[in-house]
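The values are calculated or read from the model by the stated rules, or taken from the named source; none is laboratory data. This one's a predicted model, so the numbers in the text were calculated from it and none came from an experiment. Cβ atoms come from the backbone with ideal geometry, glycine included; neighbour counts cover every protein chain shown. Heavy atoms of the whole protein, side chains included, go into the accessibility calculation; ligands, DNA and RNA do not. Shrake-Rupley method; radii C 1.70, N 1.55, O 1.52, S 1.80 Å.
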Amino acid sequence: MSEVPTKYEATAENGPSVQPILGRADHRLDPKRRFTIPSDWVDRMGKPAQVYVMPSLSRTGCLDVFSPSEFDQRMEPFRTSALTNTAKAQFLSRLGEMIHCCTLDTQNRIRVKDSLLSYAGIDSDTVLIGVGYHFEVWSLARRPKVDGNENALLEELSATARELGF
């Protein structure tokens, strides 16, 4: 008896597997206000043709970017219950209004709508932070470069890692 693959495993139906995205990539918006997603991140996202961009629900002032398969997994619990659950329906209506589906061009660039760039304070320099199965987009002014010598930050991360069982 064979096991049914998860959405994150490669199959003919769902394409390449999705893997965690980690790291940091600093970019500048080009004259058309696009930024490039690193090619290895696109590979780890399963080489999607499009991505979903939305204001972060957990971090003020940044955007979250999801592959279709990751976004689909997050939406699955709402699939039928939003038809009969008023709170879920309202949540999805408000959230859906803010989400932007962006197509990747041949160079892995995306053009995020101006209202989302404005929300995140992005006018030129961007910082992409891989946070697992999605990544964040920040303005460089809001997310300055970390060089690894921030002892207080490292101590805080260590304490949080212990608390969360990382």
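Residues in the stretch 16-58 that are assigned to a loop (DSSP other than H, G, I, E, B), out of contact with any Gly (no Cβ under 8 Å at 6 or more places or on another chain), small (Gly, Ala, Ser) and open to solvent by 20 Å² or more (accessible area, probe 1.4 Å): 49, 58.
For residue 112, the conditions (1) more than 14 Å from the chain's Cα centre (by Cα); (2) farther than 25 Å from residue 147 by Cβ all hold with the exception of (1). Residues of the stretch 150-166 that are open to solvent by less than 100 Å² (accessible area, probe 1.4 Å) and outside any helix (DSSP H, G or I): 150, 165. Please tell me if residue 42 is hydrophobic (A, V, I, L, M, F, W, C), at pLDDT 95 or above and within 15 Å of residue 130 (Cβ to Cβ). Yes.
Mind checking which pairs have a first residue in the stretch 126-146 that is assigned to a loop (DSSP other than H, G, I, E, B) and a second that is surrounded by fewer than 18 Cβ atoms within 10 Å (Cβ to Cβ), Cβ under 6 Å, 6 or more apart or different chains? So the pair list comes out as 140/125; 142/61; 142/121.
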